[in-house]
Every structure is written in C-alpha cells, then in structure tokens.
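Every number in this text was worked out from the coordinates using simple rules, so none of it is lab data. Remember, it's a predicted structure, so these values are computed and weren't measured experimentally. Cβ: placed from backbone, ideal geometry, glycine included. Neighbour counts: every protein chain shown.
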Amino acid sequence: MYIDVVLRLSALGVALSSAPSSSDDMLLKHAIDKVTSHIKNQTNLLSIPKGLKEIAIDMVVGEFLLTKKAMNLLDVETLNFEVVAKQVQDGDTNTVFAVETSTTPEAQFNAFMAYLRHNEVDFVHYRVLSW
C-alpha cells in the first residue's frame, strides 16, 4: 500500500521529502497503520478487502496531510485547488459549474480532507459479525 499512497500523493502534487532526517516516511507509515487498523476494526476482517483498497489509499492520504498540517509541516497556501474548467460550452449547450471563488485555501483544504477521509458508510458492505 505504501507505493500506492506515494503515487496518489504524487498525483495530487504533494512531494515527499527524501532527506534522511525527514519525518514524512514515519508519518506515512503511521497513517497506513492507523487507517488499516481502523478499517479492519470497522469490518471485523483480518485484511482490507479488495473493494476498499482505493478508499483506504485516500484515507491514508487524508490522514497524512491532516497530520502534516497539524504539525505545521504543510503550507496549505501552496496547494493548488484550482478547478480545471469553470464553464464548458458545446454548440448551443452551456454548462457553468458552481464554483465559489471566495473560499480560502484553508476551507478548500478542509473540504478536500473531508472527501479523502470518507466515513464508515463505505464499510457497511464488508462488515462481518463477531462474537
């Protein structure tokens, strides 16, 4: 899962420090362990089901970024939350996306974290009863 999380972070434009004294590696491994334990506890399974793999990766990314922000190791101002398109026109059809331009980078970061961290609804299909 470590490689998948690193690739997801890279795709989001978050670079991990490769310096030997960097805390990124330790924080990332801790986030993986925390999310893995959380999913296994919620589902009562011994491993993460294949159908929850992508959700687990997003949850790890959210946990990692939130921890870095809490430790003041992440500058939210440098993250790019710009949408690709605000308006699309094809022939006589015009679609304008409801994009609020007055939101702060902090509010956009918090909304993105809520999206990445998911909730227990995603686990319902995989729950197993235990005695």
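Output ³J(HN,Hα) for segment 112-123: one whole-Hz value per residue in order, computed from phi by the Karplus curve 6.51 cos²θ - 1.76 cosθ + 1.60 with θ = phi - 60°, and x for Gly and Pro.
Once rounded to whole Hz, the list reads 5, 5, 4, 5, 6, 7, 6, 8, 6, 4, 5, 8.
Can you list the lysines whose alpha carbon sits under 17 Å from that of Lys68, skipping same-chain ones fewer than 8 residues off?
Of all the lysines, those that pass the test against Lys68 - Cα under 17 Å, at least 8 places apart if same chain - are Lys29, Lys34.
Using the C-alpha atoms of segment 1-50, what convex hull volume per residue, in cubic angstrom, is computed?
83
Give, as ranges by residue number, the residues of segment 1-23 whose backbone N falls under 16 Å from the point 7 Å along Cα→Cβ of Leu73.
Only 6, 9-10, 14-23 pass the distance filter.
Could you work out how much longer the chain between Thr93 and Glu54 gets when fully extended? Use 0.36 nm per residue separation minus the Cα distance between them, nm to one decimal.
10.6 nm
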